[in-house]
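Below you'll find the structure, written out as structure tokens, and then a few comments.
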Amino acid sequence: QLQASGGGLVQAGGSLRLSCAASGLPFSSYVMAWFRQAPEREREFVAGISNGGGSTSYADSVKGRFAISRNNAPNTVYLQMNSLKPEDTAVYYCAAERRFTMAPITRAGEYDYWGQGTEVTVSS
């Protein structure tokens, strides 16, 4: 089970930190990622991280502003979002896939487990 939290309303230029707590999973066996979905748009990859945290990947739209990290004890993945823009407004989902890989997975269809989503609204 994945439980996402940390969303909210923030002004443009502000910051938020999302958290995703995993339970019932051997966490270090899972590649993790954040996706987002804005109204009337498809779900898109935001950031991903490998099992041990040594490799990360970002969508071009968030590079240099967002940072993904994980703590395998206590089974949590984070998304630090800085310099937020109105176009970052979306519901953010964490995802997990049981796989050992050196590189993050960027395709939504490859993830088996999804959190419930946490809403981020950035006002201009």
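The values are calculated or read from the model by the stated rules, or taken from the named source; none is laboratory data. Note that the coordinates shown come from a computational prediction; the quantities given were computed from them, not determined experimentally. Cβ atoms come from the backbone with ideal geometry, glycine included; neighbour counts cover every protein chain shown. Keep in mind that these areas ignore ligands, DNA and RNA; they rest on the heavy atoms of the full protein, side chains included. Shrake-Rupley method; radii C 1.70, N 1.55, O 1.52, S 1.80 Å.
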Segment 31-49, subset in contact with a strand residue (DSSP E or B) (Cβ under 9 Å, 6 or more places away or on another chain) and open to solvent by 10 Å² or more (accessible area, probe 1.4 Å), residue modelled with the lowest pLDDT: Pro39
I'd like to check something: does segment 77-97 contain any residue that is over 16 Å from Val120 (Cβ atoms), open to solvent by 60 Å² or more (accessible area, probe 1.4 Å) and outside any strand (DSSP E or B)? no
Every residue from segment 71-124 that is of a type in the set (Val, Ile, Thr) and touching a Cys at 6+ places or on another chain (Cβ under 8 Å): Thr76, Val77
Give all pairs with beta carbons closer than 8 Å in which a residue from segment 91-114 that is touching a residue at least 60 places away in the same chain (Cβ under 8 Å) meets a residue that is assigned to a loop (DSSP other than H, G, I, E, B) and of a type in the set (D, E, K, R); count only pairs at least 6 apart in sequence or on separate chains. Tyr93/Arg43; Ala96/Asp112; Glu97/Asp112; Arg98/Asp112; Ile105/Arg99; Ala108/Arg43
Would you confirm whether or not segment 115-122 contains a residue that is in a strand (DSSP E or B), at pLDDT 95 or above and either more than 14 Å from Ser5 (Cα to Cα) or within 11 Å of the chain's Cα centre (by Cα) (or both)? yes
Among the residues that make up segment 28-48, is at least one of them within 19 Å of Gln1 (Cα to Cα) and more than 14 Å from the chain's Cα centre (by Cα)? yes
Given the conditions (1) touching a Pro at 6+ places or on another chain (Cβ under 9 Å); (2) under 20 Å from Ser19 (Cβ atoms); (3) of a type outside the set (D, E, K, R), report the number of the one that Ser83 does not fulfil. (1)
Which one of these is out of contact with any helix residue (DSSP H, G or I) (no Cβ under 7 Å at 6 or more places or on another chain), closer than 13 Å to Ile105 by Cβ and among the small types (Gly, Ala, Ser): Ser19, Ser57, Ser28? Ser57
Pairs with Cβ under 6 Å, 6+ apart, first in segment 51-62 and closer than 23 Å to Pro74 by Cα, second among the hydrophobic types (A, V, I, L, M, F, W, C) and assigned to a loop (DSSP other than H, G, I, E, B): Asn51/Phe100; Ser55/Met102; Ser55/Ala103
